[in-house]
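Let me begin by presenting the structure, written as structure tokens, before commenting on it.
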Amino acid sequence: MIQQLAPESMIITIDNDCVDNLDISPVLKVIDPLLQENAIASYEQQLRFDIKYELEPGDIRELAEIPQLRQWFLRLDAKYPWLPFLLNWTSGELVRYAAMIIPTEFSQKKGIIFNVEALEIFLMHKVFILNDWLKQQGIPSKYRLKSMGEMFGYELEDPLFEKL
């Protein structure tokens, strides 16, 4: 299900059926037309997921602890490795997306705790992918990628971008 909030905003709802069947078609239906129309740049940081994954009564796991949901997000990431460009960072979508893909722990006091090495690998992987993808789209990348690093508490230095 796709919900358009405004011309530049979008929410994609995923449910148990999508997740359990590894069905990423709700996302394909939104993103593929944007790619075909070369309109992807207009939707930077506008995508949010409404996850309607019903747990069994008494199941207190966080969403990122559900293997089927993590697998769904891994499949999505394999299809669109540059998806963080579209995610609404200010609403927490980038961090939630990362939590679905990389190992995490949950603390009632601290919330999500990322595995540090996995987070570094995830971040650098996304920097390399997004740097190339953004260049292909004709979109400046350096400050976007630096901002993405800051979302996870990392400062990406200029010499890294000189190498890219």
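Looking across LYS29, LYS52, LYS110, one residue alone is among the basic types (Lys, Arg) and within 23 Å of PHE152 (Cα to Cα). It is LYS110.
Would you mention how many residues in segment 86-110 are among the hydroxyl-bearing types (Ser, Thr, Tyr), modelled with pLDDT under 95 and part of a helix (DSSP H, G or I)?
Counting residues in segment 86-110 that are among the hydroxyl-bearing types (Ser, Thr, Tyr), modelled with pLDDT under 95 and part of a helix (DSSP H, G or I) gives 2.
Has segment 76-85 got any residue that is open to solvent by 50 Å² or more (accessible area, probe 1.4 Å), under 26 Å from MET124 (Cα atoms) and at pLDDT 95 or above? Scanning segment 76-85, I find at least one residue that is open to solvent by 50 Å² or more (accessible area, probe 1.4 Å), under 26 Å from MET124 (Cα atoms) and at pLDDT 95 or above, so the answer is yes.
Looking at GLY92, is it more than 30 Å from GLY153 (Cβ to Cβ) and without any contact (Cβ under 8 Å) to a residue 40 or more places away in the chain? Taking the combined requirement at face value, the residue does not satisfy it. For segment 111-164, residues that are outside any helix (DSSP H, G or I) and either surrounded by 17 or more Cβ atoms within 10 Å (Cβ to Cβ) or touching a Cys at 6+ places or on another chain (Cβ under 9 Å) (or both) total 3.
In segment 62-82, the residues that are within 13 Å of ASP23 (Cα to Cα) form Cβ pairs under 7 Å with partners that are part of a helix (DSSP H, G or I) and open to solvent by 80 Å² or more (accessible area, probe 1.4 Å), at six or more places apart or across chains, as follows: GLN68/ASP20.
The values are calculated or read from the model by the stated rules, or taken from the named source; none is laboratory data. Here the structure is a predicted model, which means the values were calculated and not measured. In this analysis, Cβ positions are derived from the backbone assuming ideal geometry, glycine residues included, and neighbour counts consider all displayed protein chains. Please note that ligands, DNA and RNA were not included when accessible areas were found on the heavy atoms of the full protein model with its side chains. Shrake-Rupley method; radii C 1.70, N 1.55, O 1.52, S 1.80 Å.
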